[in-house]
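Heads up: the structure comes next, in structure tokens.
The values are calculated or read from the model by the stated rules, or taken from the named source; none is laboratory data. Quick caveat: nothing in here was measured; it's all calculated off a predicted structure. Here the Cβ positions follow ideal geometry from the backbone for every residue, glycine too, while neighbour counts run over all protein chains shown.
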Amino acid sequence: MIVFVDGDVPCKVEGRRAIKSWLRSVADHHGKSLGDLSVVACSDKELLEYNRKYLDHDTYTDIITFDHSEGDTLAGDLLISFERVLENAENQGIVFQEELRRVMVHGVLHLAGLKDKTDADARAMRAAEDHALAMFHVEHRS
């Protein structure tokens with residue numbers, strides 16, 4: 001089950017049914033199934049606290065992924081800074097919901113085993129994000 005959770009800010013995800021279907025398709029594309037997934041809306045301040053407490057990082061980030069996967073079933077918590085997503089969207093000249101989809105799928109791709117610490121891994125992650133976003137636009141054309 002995929003749930004959208006208000007953290008310390010409202011979880012303003014549009015087209016939730018389409019998002020759920022798409023994220024399941026992304027998992028399937030990577031040979032996995034999607035189990036329980038929580039998308040939690042956070043402020044910068046809230047996510048920074050999680051980053052410090054659990055990852056020993058003292059930096060802002062747009063997402064922290066907590067992996068609860070078992071075998072080929074992906075599961076976890078995606079804690080997303082809606083403030084970071086908004087700022088990133090504005091800097092890139094795209095709409096908030098598009099950047100939010102990129103960040104959500106980034107978390108799912110981490111659950112599927114993709115990394116982004118090295119330059120090569122980051123390029124592979126970006127390519128996988130782009131492919132997943134293209135899947136969304138093909139599946140959910142008006």
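Tabulated data for the structure shown
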read-out: Residue list for the range 75-101, filter: assigned to a helix (DSSP H, G or I) and among the small types (Gly, Ala, Ser); value: Ala89
read-out: Count of residues meeting criterion [closer than 15 Å to His110 by Cβ and in contact (Cβ under 8 Å) with a residue 40 or more places away in the chain] in the range 42-72; value: 5
read-out: Residue in the range 54-72 that is under 25 Å from Phe96 (Cβ atoms) and of a type in the set (D, E, K, R) present; value: yes
read-out: The range 1-27, residues that are closer than 15 Å to Val85 by Cβ and part of a helix (DSSP H, G or I); value: Ile19
read-out: Cβ pairs under 8 Å, 6+ apart, first in the range 1-26 and under 21 Å from His68 (Cβ atoms), second aliphatic (A, V, I, L, M) and modelled with pLDDT under 95; value: Trp22/Met135; Ser25/Met135; Val26/Met135
read-out: Candidate set from the range 45-94 (those that are of a type in the set (Ser, Thr, Tyr) and in contact with a Cys (Cβ under 9 Å, 6 or more places away or on another chain)); member that is nearest to Gly31 (Cα to Cα); value: Ser81
read-out: Among the candidates Met104, Met125, Met135, residue that is at pLDDT below 95 and part of a helix (DSSP H, G or I); value: Met135
